[in-house]
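Heads up, the thing below is written out as structure tokens.
The values are calculated or read from the model by the stated rules, or taken from the named source; none is laboratory data. This is a predicted model, so every value here is computed, not measured. Glycine gets a Cβ as well: all are built from the backbone with ideal geometry, and neighbour counts include every protein chain shown. Only protein heavy atoms, including side chains, enter the accessible area calculation; ligands, DNA and RNA are left aside. Shrake-Rupley method; radii C 1.70, N 1.55, O 1.52, S 1.80 Å.
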Amino acid sequence: MTERSLIRRSPLQLAVADQGQRLVSGLLHPVRLVPLAFLAVIIVGAGMLMLPISRTGDTGDIVTTAFFTAVSSVCVTGLITVDTATYWTPFGHGVILALIQVGGFGIMSLATLLALFVRKTIGLRGQLVAQSETHTLNFGDVKSVLFKVLKIMAVFEACTALVLTARFWIAYDDNPGTALWHGVFHAVSAFNNAGFALYSDNLIGFAEDPWIIVPICAAIVAGGLGFPVIIQLFRTGLKFKNWTVHLRLTVYGSLLLLGAGIVLFAAFEWNRPETLGPLSFTGKLLGSLAGGVFPRTAGFNSIDYGVATPETLMVTNILMFIGGGSAGTAGGIKITTFLVLGFAIWNEVRGREQVTIAHRSISSSTQRQALTVALLGVGAVVLGTLLLLMVTDYSLEKVLFETISAFGTVGLSTGITYHLPPTAEWVLMALMFTGRIGSVTVASAIALASRPRLFMLPEERPIIG
């Protein structure tokens, strides 16, 4: 635009143009672009699921059902209001699979890009420190980073699909085409922690089959670790002294939570006739493994959680809320968030001013981000639970389980999702979207908005506790 054209424009026109540029730049801000991109994919996916070719019938509220399934697929949750195996046609199954893959790859790549945008806001010294700590992300190699994410997903999904396809073909007499389709679908659903299955009883029919349960559990754990952790493990292997704080927190935290989940699930359900009791010893071991892995935001189930003990539901609630690793396909507030807060409490109890993990200090800004993500998660769960209690007649125990499952993008259910009114379904959709997008966006927004203060206000110490 030339100087002459600027002169000819009135102050009102200039003000409108300036506001328009600010609006466009605001919408294109990476923190806002992520939810907008996912909303666009959800709308397109819901539109495709509304097509007659996607459904076997026209029963129920098609619009709400299509949107709920699209949100659950893109947010890789797995909650369903209709039977996936019978309600949707093979074309509909293909749409769901595509939405899962886009949601899984998108959240990993966009989370990585957000991390790069955040790093750009700090100085050269900060960039070098962050690069040496992560050993993975460099602002100059975004393309190679995304290709690595794509390769990791392709390798894990292909290996899982190969095992599952062979098993479906050999042991269950599926024809090669059906076996391949089922193998690919469940491999993609597992690695992306989605929990969608092409069987009406999910994986209950395979509860005693290690060739089905174990590969799916392995894919779930791999996807839930997060891209940065997988890359660092490939680079450092078992050289523990080279492990970063993030790698240590994610790996050790995952092992701790998986072990605790498996042991507690076995302790509460081992002899119960409604769950693990009728199974063989091998089946009980596989059921306990699944009971510790699936709540890590996967959403598959090999037992009926509607008849599980209150103790099992409580442990599952905790695992679902914590979730998996950052920048991965898992949901929840993330393991690193939970452990950073845990170490902050431990150091505070011991009277230490500085929070340290593995001989490294954790900045106060990181602690504040972890606290913000965790408390926002608690707030979302509390609000969602209250709204569901207002519009349904189910008990607090069942409603809380459903709410945490939606926010943690898990997909486990006690069976009430099928019978919820449309209002409750939209509440769950909002929780799934918030749980999938919110934690990354909030953490990044805090980091992007942080500015050094040029002055200090007087301190005051309110009474705590």
**OP:** Multiply the residue gap between E348 and A40 by 0.36 nm, knock off their C-alpha separation, and tell me the result in nm, one decimal place.
**Re:** 106.5 nm
Original post:
How would E274, E157 line up by accessible area, probe 1.4 Å, largest first?
Top reply: E274, E157
**OP:** Extending each Cα 7 Å along its Cβ direction at E311 and W211, get the distance between those two points in nm, one decimal.
**Re:** 3.6 nm
**OP:** Can you pull the one-decimal nm distance between simple spin-label points at A171 and H419, each 7 Å off the Cα toward Cβ?
**Re:** 3.3 nm
Original post:
Between A358 and I204, what FRET efficiency comes out of the Förster formula 1/(1 + (r/R0)^6) with R0 = 41 Å and r the beta carbon distance, rounded to 0.05?
Top reply: 0.50
Original post:
Mind ordering 257-266, 147-156 by average Cβ neighbours within 10 Å, highest first?
Top reply: 257-266, 147-156
**OP:** At 7 Å along the Cα-to-beta-carbon direction for both Q367 and D304, put a label point, then send me their distance in nm to one decimal.
**Re:** 4.9 nm
**OP:** Take the Cβ-Cβ distance between T56 and Y252 as r, set R0 to 51 Å, and report the resulting FRET efficiency rounded to the nearest 0.05.
**Re:** 0.65
